[in-house]
Amino acid sequence: MKLLAINGSPRKNMNTGRLLDHLVKGAASAGAEAELIHLRDLNYKGCISCFHCKDPKGKHYGRCAIRDELTPVLQKAHEADALALGSPFYFSIETSYMRACMERLWFQYYLYSTLKPPLSPRKKATALVYTMNVREADIPAFGKDRVINIAKGVMEHLFAPCEVFLCTDTKQFRDYSRYEVDYFDVPAKLKRHEEVFPVDLERAAELGKRLAG
Ligand SMILES: Cc1cc2nc3c(=O)[nH]c(=O)nc-3n(C[C@H](O)[C@H](O)[C@H](O)COP(=O)(O)O)c2cc1C
């Protein structure tokens, strides 16, 4: 079985990237052929509303027609048995890297039809991995629950089922002393990073194993 993980953080080796790395290693330990792709490395754009993917008579029906560096990623996502999308929250939505990827991944399969199912390959196990500064209890106050539910709803409409993984109250800066950060309780954040983040990494590896299974 093939698992593809896509990192929407511009930082390859911080919170989101490290979680996805553990997820991929967990999946590999369960026998999956697992790959992690960092969107930051790629030159691509979001959906351009060309609607080639919506034309049943055209050669791109159900597949994104744009040809750029996201094209092979969409192909791998199409072929994967399991798919994990990871992103930090940037102003309470996914990063622009991930949004552009989601637009292209999702819209190619989406049908404006109540009669026909979407054009996606069904039965793909999926997960959404979110990292964020805020604590879990503050997610609704910042409207992040709505964003998560929209993404989960689309993933389940297209692929089903979708597990949501949250990593909250993350360590954002390598060195907080360099910046003006009175908004944060820095010692509490660093303590949490030391104590809870390793547990989050283990949870991510377990998620990888579940997806692989
Ligand atoms: C431009 C920008 C916007 C951000 N906006 C939010 C936000 O709205 N809510 C939040 O909880 N964290 C926000 N953060 C913090 C990141 O989501 C958080 O530190 C995340 O874990 C970073 O992931 P990374 O380490 O994988 O890059 C923001 C960070 C940046 C750089």
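Structure summary
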| item | result |
| --- | --- |
| Built amide H within the under 5 Å cut-off of ILE37, gap 5+ | ALA5, ILE6, ASN7 |
| Separation in nanometres of the label points that stand 7 Å from Cα toward Cβ, at LYS191 and ILE150 | 3.7 nm |
| Among TYR97, TYR110, TYR176, residue whose mean-square fluctuation peaks in a GNM of the chain (springs only between Cα atoms under 10 Å) | TYR176 |
| Highest-MSF residue in the chain out of SER92, SER120, SER177 [GNM, Cα springs under 10 Å] | SER177 |
| Under-5 Å amide H pairs with VAL164, H placed in peptide plane, nonlocal only | LEU128 |
| Computed over the chain: relative contact order in percent, which uses C-alpha pairs under 8 Å that are six or more apart | 28 percent |
| All lysines inside 26 Å of LYS209 as judged from Cα atoms, apart from same-chain residues fewer than 8 positions distant | LYS2, LYS12, LYS25, LYS76, LYS123, LYS124, LYS152, LYS171 |
| Probe 1.4 Å, protein heavy atoms only - accessible area per residue of the chain in square angstrom | 53 Å² |
| Low-density loop cleavage sites - trypsin sites (Lys or Arg not before Pro) in segment 66-127, where at most 16 other Cβ are within 10 Å (DSSP) | ARG67, ARG122, LYS123 |
| Highest-MSF residue in the chain out of LYS144, LYS59, LYS25 [GNM, Cα springs under 10 Å] | LYS59 |
| Cα-based reach from LYS144 at 19 Å (exclusive), listing aspartates and glutamates while leaving out same-chain residues under 8 positions away | GLU94, GLU103, GLU136, GLU156, GLU163, ASP169 |
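The values are calculated or read from the model by the stated rules, or taken from the named source; none is laboratory data. Note that the coordinates shown come from a computational prediction; the quantities given were computed from them, not determined experimentally. Counting neighbours? That spans all protein chains shown, and the Cβs are built from the backbone with ideal geometry, glycine included. With ligands, DNA and RNA removed, areas are computed over all heavy atoms of the protein, side chains included. Shrake-Rupley method; radii C 1.70, N 1.55, O 1.52, S 1.80 Å.
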